[in-house]
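Since every read-out is calculated from the coordinates, none of them should be taken as a lab result. Predicted model only: the values in this text are computed from it and were never measured. Cβ placement follows ideal geometry from the backbone for every residue including glycine, while neighbour counts extend to all protein chains displayed.
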Amino acid sequence: MTNQKQTTLWTESGEVRVGPVARVAMLAGVDGQFTYTIPDHLAGEVAAGKRVVVPFGRTARPAAAFCVAVAREPWTSTLRPVGEVVDEERLLNDELLELGEWMSRYYCCRLGKALSAMVPEAIRSQSGFRAVHTYRANEGVDPSAVKSAKRRAVLTVLNERAEGVSQDELIERCAVTRALLTAMVKAGQITGQVRKEPAPAPDFDRPADEPTFDLNEAQRKAIERIASWAAEEVFRVVLLFGVSGSGKTEVYIRAMRSVLERGRQAILLVPEIALTTQIVDRLASRFRSVAVIHSGLTGVQRSLTWSAIARGEKRVVIGTRSAVFAPCPNLGLIVVDEEQEGSYKNQQAPRFNTRDVAIKRAQLGSIPVVLGSATPSLETWYNCGRRPHFERIALASRIEGLPLPAVEFVDMKLAQRERPGLHLLSVRCEELLRETLSQGRQAVLLLNRRGYASYLMCSRCRQAVVCPNCRVNMVFHQTTGQAMCHYCQARMVVPARCGDPSCAGALVRWGMGTQRVEEELRKKFPEARIARADSDTMLRTSQYEDLLRAFSAHETDVLVGTQMIAKGLDFPEVAFVGVVNADTTLSMPDFRSAERTFQLVTQVSGRAGRAEAGGRVVVQSLAGLTPALRFAMKHDYESFARHEVEIRQRIGWPPFSRLARIVVSDRSHDTALHEARQLADAIREHIGKHRLPADVLGPQSAPLARLRNMYRFDFLLRSPNAARLMETLDRLRGDGLLRLNARNILVDVDPVSLL
């Protein structure tokens, strides 16, 4: 994006001078970069990566900004000076600033917004820091000429230490009060200074005896290759492709340890807090100086942890999305576990994908990044072997030669005909669950839909109860007795009758959710200890931690949940896994629905049989045995990838293209449609006129056509690759077709969902 000089804000000309200037990005309000002079009294304080306050606009109102560059260059007297420096230390180093500028361009967002996202508010406000007052003696002040004995004592101590003495030490050594020190400052005898110092960061270390693992040959080779690239400090994207239970985590640990031995730091990213819990337990016992970053931390914990990482005190960083920006001064390796997960995508501006940001950061730092998965995204799989810096390392079998669990398929349409009544679990599922419980082992049941009933419907007119804001089905929740919209969180007391006065039929509950599965389990298996894990029950991180620890201690027999229990978790006593309804992801209006279904079924199947006794899996579906399910039952990722890649290539979808989704919304249906058509036509015309490497698909009504009382229409911008897409977006942005400040326009580059 072309830099914009602040002189564009007014018209008068001025005298040309040469001196230090700062280029800044406003934290709020406007896109672009602006230039300010650096006054002499701030010459040593203004630095790239610090926040400053500058006069902005015709009214010169004070506005916060990030300084992104400092240089000595010609400027005119019309430029205004920087007003104030906010930060004592840089919040962002050169590498992170460059990463932020790339994010601003690639994800089509304001630079100030991107930089703010990299440094959360708690860090910016230095939550948990304490003010430390220090004093120095002023030149020319003779202690012997001072009448007060206490003031003489203060001056004597300060003259011994030219660097200054803290307020606490002066009070203790000289038996004085803060009021006396303040009076001495006013009298011109001493000078006071205040700086902020952090309290100690949270301690996540859990020292334990080092476990003994016999690595297999595939693990040893993987560790050696990753460690060699880290030692050579070369950029590599390594796909660690390993089946569930193949020992990927141990490869991560050994590779990270090789980096730490050379005095460097490592970041391990996980897609959800749920996975953080178990992996922290493992890594905190294997490493020292561990830092954890995720949204479950308090602002003070996050701030102090961030500061300790920046000082190099924390050498292992484990966390979710925001941990990719951890200010490691000596980063040597990044690991992205379960790299295919959609939760790595930030759903608010800047809408970045953590995995891709990690790859870019590794490139900027000339270090390797490891992407681990049993079911990698098709984009990552396709890049291996086709891009020079991508490499695939396979862990083809489970550790100790344990077999993958046997998977059975149940067609629920046939099963329901053979057994009267409503049963969410098939006969086969119940048989294997009963057998598992009789053996004293554990089970996991997955249903990727929370709540009790998927929707409420009138038994007479067949009209569903929909959200008044989003026009989607309200989901009934048994625990609250209310219907809830899972998009805007609207709630309502469920009426007994249809809302249409001419009908007044009784409302019935249709479909299923995790609550309903839990209810059926408690009726059919009254002796079993059952727990449910979904976003209704797991409101706090501590609740999920308690649930997992109880399951690990075998205080729970059956764990029912959504996708948060489907991946990454390792419980050796799980002998049975049931996928209650594999159709939930298949029915989504998205070209990735088959890929997501395969990933989810394969991942949850991998939770079973992680001990010598083996495991069994039952997959239930109303949609029949689709290709995605057929390949998942065989744990055959490579065949699925070949099948799906052929389809994507025929229709020109990723990985054979890159997409940007543009959503236009308005409270008026007609206005939203008109503006979407107008914008799509203008972009289409601009692309043709300037021969930009892209095409426009749409517009059309968004799959989620109304959200929070806003009507939504979208269209896709498609380019052959990332570089071409960024080139096109740069041009559209620079020529004013994409207004990043418009509240009714959303730009989502590389969308993971088209809802």
So for the range 618-755, using the alpha carbon gyration tensor with a ≥ b ≥ c as root eigenvalues (a/c under 1.5 gives rounded; past that, a/b versus b/c decides prolate or oblate), I'd call it oblate
Please list 59-65, 136-142 highest first by mean number of surrounding beta-carbon atoms within 10 Å per residue. 59-65, 136-142
For the pair residue 142 and residue 285, how long in nm is the line joining their label points, each one 7 Å along Cα→Cβ? 7.0 nm
Of the peptides 214-221, 663-670, 339-346, how do they stack up when ordered by the mean number of other Cβ atoms within 10 Å, highest first? 339-346, 663-670, 214-221
Reach of residue 523 by Cα under 29 Å, taken over lysines that are not fewer than 8 positions away in the same chain: 413, 567
Before rounding to the nearest 500, sum -39500 (n - 2.57) across all DSSP H runs of length at least 4 in the chain and divide by the residue total; then give [θ] at 222 nm in deg cm²/dmol. -9500 deg cm²/dmol
Between residue 15 and residue 682, take the C-beta separation as r, use R0 = 41 Å, and let me know the FRET efficiency to the nearest 0.05. 0.50
Most packed first (mean Cβ within 10 Å per residue), the peptides 429-439, 283-293 order as 283-293, 429-439
FRET efficiency for residue 73 and residue 690, Cβ-Cβ distance as r, R0 = 35 Å, nearest 0.05? 0.65
Which of the pairs 50/186; 248/634; 50/196; 113/248; 50/314; 314/360 have their Cα atoms more than 25 Å apart in this structure? 50/186; 113/248
